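Asker: What follows is a structure written as structure tokens; I'll ask about it next.
The values are calculated or read from the model by the stated rules, or taken from the named source; none is laboratory data. On a predicted model such as this, the values are computed, not experimentally measured, just so you know. Backbone-built Cβ (ideal geometry, glycine too); neighbour counts: all protein chains shown. Ligands, DNA and RNA are excluded from the accessible area calculation, which covers all protein heavy atoms including side chains. Shrake-Rupley method; radii C 1.70, N 1.55, O 1.52, S 1.80 Å.
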Amino acid sequence: MIFATKVSYALVLLVAAFLAAAIPVRAQDKSVSITVLVTRSGTVNAKTPGKAPDSSNVAVWLTPLDSTTETHPPVPLPLAPRLVQRNKTFEPHLLIVLVGTMVEFPNKDPFFHNIFSLYDGKRFDLGLYEAGTTRSVMFDRPGVSFLFCNIHAAMSAVVVAVDTPYFGLSDHSGKVIIRDVPDGRYQVNVWYERSLPEYLTGLKRTVNITNANRNLGVIKIAENQTVSPTHKNKYGMDYVPPPSPEYNRP
């Protein structure tokens, strides 16, 4: 009886060891965090009572510098990223995508739009298309694409296409989380719409990412008040102002 008990106990231990080996160990968190702080005139953005300063819409990406760094392909998205046209605006205002990504441009307004792009990113002109329809563009080269509507001058958006799967956008508090980043040496790149390119180039830095070093600290980004949001239409001409409604005297 004692022998049988010992055999049963040994069998239980053997089964437990087998099950422990069969259950995969939870994958170690490979996320990298970084905080961006947008400043204005050398100080943190003026606070509105009850609200924190806005440091959102800063694009951050990590470019591997070591040939030995294992680059993981990004997880395929269930749906293509979208820049929705609604209420004469783009939702969201800023997208950051991997080079080769197809972006959809659905028109949710009850009238026509004509989206086009300028500058050093993907240049395109989607032409006029009506409410309820969608056009798509593949961003097949790295760069920053500024998007406008040829009909509505106030509409604007930005697509930042990068050649690395390790990227993220800051939230209102400036927090950026970049997931599934292998250990290695990387160049940190940042882009912000209200800063000049030469200033942003000066913010680049090299970091060594290890299991013990996955918080990259704080990057302060000065907002440049001289950056103008004005632009021409797709023909390089000023927009024609909408006709003013006639004033009928009683």
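Asker: Any idea how far apart GLU104 and LEU79 come out in nm if each label point goes 7 Å out from Cα toward Cβ?
Answerer: Reported label-point gap for GLU104 and LEU79 is 0.6 nm.
Asker: Probe of 1.4 angstrom, ligands and nucleic acids ignored: what's the accessible area per residue over segment 151-250, in square angstrom?
Answerer: In whole numbers, segment 151-250 has 61 Å² accessible per residue.
Asker: Follow-up question, since we're still on this one. Probe radius 1.4 Å, ligands and nucleic acids ignored: give me the carbon and sulfur share of the accessible area of segment 183-236 as a rounded percent. Each step should come with its number before you reach the end.
Answerer: Values: 1590 of 3120 Å².
Reported share for carbon and sulfur atoms: 51 percent.
Asker: In whole angstrom, note down how far apart the Cα centers of segment 77-127 and segment 140-163 are.
Answerer: Result: 7 Å between the Cα centres.
Asker: Rank these by accessible area, largest first, 1.4 Å probe: TYR166, TYR235. Write down the numbers at each step before the final one.
Answerer: Details: TYR166 5, TYR235 155 Å².
Accessible-area ranking of TYR166, TYR235, largest first: TYR235, TYR166.
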